[in-house]
Amino acid sequence: MKKQFLLYSISTAINKGAVLLYFPILTQFLTLEEFGKWSLVIVVSSLLIPILSLNGSAAILREGSQEISLGYSLLKKYLLISLLVSGLIILAVYFYFNTNWFFYSLIIAFSEALLLLGVTMLRAEEKAFPYFLIFLFKTFFIFLLIIYAKFQGMPLEQLLLYHFFIVGFFAFMLTIYLLSKKVSKHHSYLFGSILLFGILLIPHGISQWIMSSSDRIIIEYILGSKEVGIYSLAYNLGMVLMLVNSGIALAIPPYMIKNIQNWKENHFDVKISNIYTYFSIVLFVIVLLLYVLDKNYTHILGYYGQEMIPLILIIYLSIYFLGIYYLFANYLFYHKKAYIISQVTLYASILNIVLTIVLTYFLGVLGAAIATLFAYIYYLYAIRKQTLSIEPLLQIPLIKNITLNITILSIIGLGFYYVQ
């Protein structure tokens with residue numbers, strides 16, 4: 001599982017960090033308005049992916065991890081559903097709505113949805129290396145496309161269309177490979193209940209997006225673009241821990257579902273919680289060391305205000321709480337409690353928006369970070385409460401690890417704040 005954890009973390013870093021790789025080149029040949037549209041297309045397409053596939057990836061992961069043949073049966077059904085749903089929506093937008101950027105968001109989301117269904121089947125089979133290779137080569141070819149677009153002076157619409165073709169190519173090839181495999185036929189099952197499970201998790205994904213992204217929109221409205229830039233710098237440094245969280249979120253569910261009794265008997269969640277807590281402390285020291293070295297020598301970030309280290313600390317703690325959340329949420333995912341997961345996430349996102357508006361108004365960007373921290377504390381508390389109602393014997397050392405993490409990280413942050 002350690003190898004899978006590492007590969008999934010790197011895959012996430014490549015896939016989600018690709019925007020940072022593309023950004024410096026795109027700004028060299030796109031106008032400010034065009035770059036804004038490109039950003040809008042990428043953000044909106046990420047929201048549309050689970051909608052166009054009716055969140056089939058969640059259903060495939062949950063059922064396919066337990067029984068591979070069922071996973072492949074669901075893969076075929078969801079591929080067909082995605083084709084029909086996406087096809088109808090894309091045609092309607094193309095012929096009846098004059099919004100080019102939304103059309104490109106749709107077709108890119110469509111290709112990404114098909115790809116996600118395929119790579120989720122790889123996750124269910126615990127094939128982390130092919131999963132890694134797909135994201136590596138997809139990112140590489142899109143990077144080459146952007147370089148080519150720069151030298152050719154390619155229009156934005158053409159760039160987005162070729163982006164769709166690249167993702168579509170990987171989705172098509174992976175789909176052909178998976179569907180060509182000989183898998184034993186699965187017995188009859190109630191597709192309606194599985195379909196409902198996936199659909200009920202769609203609000204969960206949207207709410208998580210709100211929790212991770214709405215703060216910058218609110219800061220822009222209340223404080224302006226400069227403060228958004230400061231907050232984003234700190235957020236990107238704190239987000240280093242998210243790579244570890246992604247490993248937990250991607251690697252653990254398939255293994256846990258297949259080996260649930262062994263998982264409980266050996267208290268793997270307790271061990272992971274302890275390791276995660278200690279590792280997060282070490283990683284925080286590394287992040288702050290790099291920040292101080294950059295401030296004094298390399299000057300890559302370009303901004304080093306007094307609020308930066310407190311911001312990094314608060315955001316980092318928020319992401320730590322999210323990592324512990326995954327350990328509890330995995331049990332609800334195993335028991336197919338999609339409604340509970342979505343409900344808790346929705347409440348947390350509403351709390352996050354309200355607190356961010358209020359605290360940003362009175363405390364500036366530090367207020368936004370504090371609001372995020374409080375929202376994630378509530379998120380963990382609420383999901384833990386729901387999980388313990390189903391799994392009352394869970395013994396994850398929550399108070400001990402959280403107290404240790406907050407105390408040591410605060411001391412480290414305070415030390416770096418005064419000696420930077």
What number of residues within segment 69-93 are open to solvent by 60 Å² or more (accessible area, probe 1.4 Å) and either under 18 Å from Phe333 (Cβ atoms) or not assigned by the TED database to the domain that holds Ser45 (or both)? 0
Residue in segment 260-273 that is most open to solvent (accessible area, probe 1.4 Å), counting only those that are at pLDDT 90 or above and within 20 Å of Leu250 (Cβ to Cβ): Lys271
Residues that are assigned to a helix (DSSP H, G or I) and within 21 Å of the chain's Cα centre (by Cα): does segment 68-76 have at least one? no
Only one of Tyr291, Tyr320, Tyr316, Tyr326 is open to solvent by 10 Å² or more (accessible area, probe 1.4 Å), hydroxyl-bearing (Ser, Thr, Tyr) and in a helix (DSSP H, G or I); which? Tyr326
Can you name every one of the helices (runs of 4 or more DSSP H) wholly within segment 120-212 that holds 2 or more residues which are among the charged types (D, E, K, R) and either open to solvent by less than 40 Å² (accessible area, probe 1.4 Å) or over 30 Å from Leu6 (Cβ atoms) (or both)? 128-152
Six or more apart or on different chains, Cβ atoms under 7 Å: show the pairs whose first residue is in segment 299-328 and assigned by the TED database to the domain that holds Met256 and whose second is of a type in the set (Lys, Arg). Tyr304/Lys295; Phe328/Arg384
Mind listing whichever residues of segment 75-102 are at pLDDT 90 or above and either among the aromatic types (Phe, Trp, Tyr) or in contact with a Gly (Cβ under 9 Å, 6 or more places away or on another chain) (or both)? Leu75, Lys77, Tyr78, Leu79, Ile81, Ser82
From the residues in segment 344-363 that are open to solvent by 30 Å² or more (accessible area, probe 1.4 Å) and in contact (Cβ under 8 Å) with a residue 40 or more places away in the chain, which one is nearest to Ala59 (Cα to Cα)? Leu346
Condition (residue is open to solvent by less than 30 Å² (accessible area, probe 1.4 Å) and part of a loop (DSSP other than H, G, I, E, B)) applied to segment 294-310: is it met by at least one residue? yes
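Being of a type in the set (Lys, Arg) and surrounded by 14 or more Cβ atoms within 10 Å (Cβ to Cβ) narrows it down to one of Lys385, Lys400, Lys337, so name that one.
Lys337
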Six or more apart or on different chains, Cβ atoms under 7 Å: show the pairs whose first residue is in segment 1-27 and outside the structural domain of Ile134 (by the TED database) and modelled with pLDDT of 70 or more and whose second is open to solvent by 80 Å² or more (accessible area, probe 1.4 Å) and not in a helix (DSSP H, G or I). none
Given the conditions (1) modelled with pLDDT of 75 or more; (2) open to solvent by less than 30 Å² (accessible area, probe 1.4 Å), which single one is not true for Gln66? (2)
Yes or no: Ser246 within 26 Å of Arg123 (Cβ to Cβ), out of contact with any Leu (no Cβ under 8 Å at 6 or more places or on another chain), surrounded by 15 or more Cβ atoms within 10 Å (Cβ to Cβ) and small (Gly, Ala, Ser)? yes
Among the numbered criteria (1) within 23 Å of the chain's Cα centre (by Cα); (2) farther than 23 Å from Gln420 by Cα, which one does Ile260 miss? (1)
Take the residues in segment 364-389 that are touching a residue at least 40 places away in the same chain (Cβ under 8 Å) and among the hydroxyl-bearing types (Ser, Thr, Tyr); name whichever of them is nearest to Tyr320 (Cα to Cα). Tyr376
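The values are calculated or read from the model by the stated rules, or taken from the named source; none is laboratory data. Model, not experiment: these values are computed from the prediction. All Cβ positions, glycine included, derive from the backbone under ideal geometry; neighbour counts span all protein chains shown. What goes into the accessible areas is simple: the full protein's heavy atoms, side chains included, and nothing from ligands, DNA or RNA. Shrake-Rupley method; radii C 1.70, N 1.55, O 1.52, S 1.80 Å.
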